[in-house]
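A short reminder: the numbers here are calculations on the coordinates, not readings from a lab. Remember, it's a predicted structure, so these values are computed and weren't measured experimentally. Cβ coordinates were reconstructed from backbone atoms using ideal geometry, including for glycine residues, and neighbour counts include every protein chain displayed.
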Amino acid sequence: PQPSVHAEQGRVIASLPTGDSVEILLYGATVTSWKSNGRQNLWLSSAAKLDGSKAVRGGIPVVFPVFGPPPKGHATSALPQHGFARTSHWEYLGSSSSESGALAKGGDDSIKLDFGLSAAQISDEARKAWGYDFALVYTVTLGKDRLQTMLNVQNKGDKTFDFQMLLHTYFQVKDISKTTVNGLGSQPYVDKVLNATTHTQTTPSLSITGEVDRVYAQIRQDTTSIVEDGKPSIDVVRDNLDDTVVWNPWIEKANGLGDFEPKDGYKNMICIEVGAVDGWQKLEPGETFEGGQIVKSNL
Ligand code: BG6
């Protein structure tokens, strides 16, 4: 069997002979499913809107050009939370497969899918709020037990712009009470639950026992791991990105999110979000920036 790719009704589905598969919604270029070894690795709310009426609650929404609520008096200040990339209709640019790509392990195949979004393709509203000329290419590569997602940002205009970017990955976990996050030990972080104060994580692993919304910046280690029942289940490896957000809404926040279902779904998810969100990336006319992640499943 060969790797296969189907583009249909606003989505692209790719699979490998190994059974690994990925599904991307053109709305937001949101990865909504990634399966390996018969297991769904991503969490997707059962009430997620997949019709383009709202950013997808789950999967991998792409955050650009601002993370969180935009600061006042900044070039992004008229944009909605997390920017416009996750609520824009992207273009599918095509696929290529290889037997020796960077993600191929022991001769296994990989499939690379490219998606594009440029200034001309965003809504009038978004263009009015952020009037820069840019082009994004988002590359999703599926390999055996791994998924790579890379965002390439290009300044096509004659004005320098500032941006932030983040890949807001919702991972599925079996039981949050038996889940820890490793690789962030001794790292300072901004705690958005505690009024954005700065703290340093003293333990090597982070247990999730309540609402967590932490921004770790300038992380020394490249890999953040999700450990379930004492075994690393997922490794998230940053590529040219220094920051990682860890988010779990827990009971009250999940209750307040209309598109978060089931309501106790917080027990089965954890967001590990790689990005460049500490300060701003400056992009001069003609320049490009590329950053992303490789996610590996050990299950
Ligand atoms: C996280 C932020 O990245 O995204 C949280 O750190 C935020 O503060 C969460 O609540 C979800 O955001 P949204 O806009 O998808 O509800």
Going by how many other Cβ atoms sit within 10 Å of their own, how do 51, 145 line up, fewest first? 51, 145
Please give the calculated 222 nm ellipticity per residue for the chain, where each DSSP H segment of at least 4 residues contributes -39500 (n - 2.57) and the sum is spread over every residue; nearest 500 deg cm²/dmol? -1000 deg cm²/dmol
Taking the Cα atoms of the stretch 100-221, report the difference between the largest and smallest coordinate on each principal axis, in whole Å and largest first. 47, 46, 26
Rank-order 38-45, 147-154, 253-260 by packing density, defined as the average count of other C-beta atoms within 10 Å over each peptide's residues, highest first. 147-154, 38-45, 253-260
Note on the stretch 1-154: alpha-carbon gyration tensor, axes a ≥ b ≥ c; rule is a/c under 1.5 for rounded, else prolate if a/b larger than b/c, else oblate; result prolate
Would you mind checking 231/267; 54/159; 178/296; 54/178 for any pair whose Cα atoms are more than 25 angstrom apart? 54/159; 54/178
The Cα extents of the chain along the principal axes, largest first and rounded to whole Å, are 53, 51, 36
Mind ordering 277-285, 25-33 by average Cβ neighbours within 10 Å, highest first? 25-33, 277-285
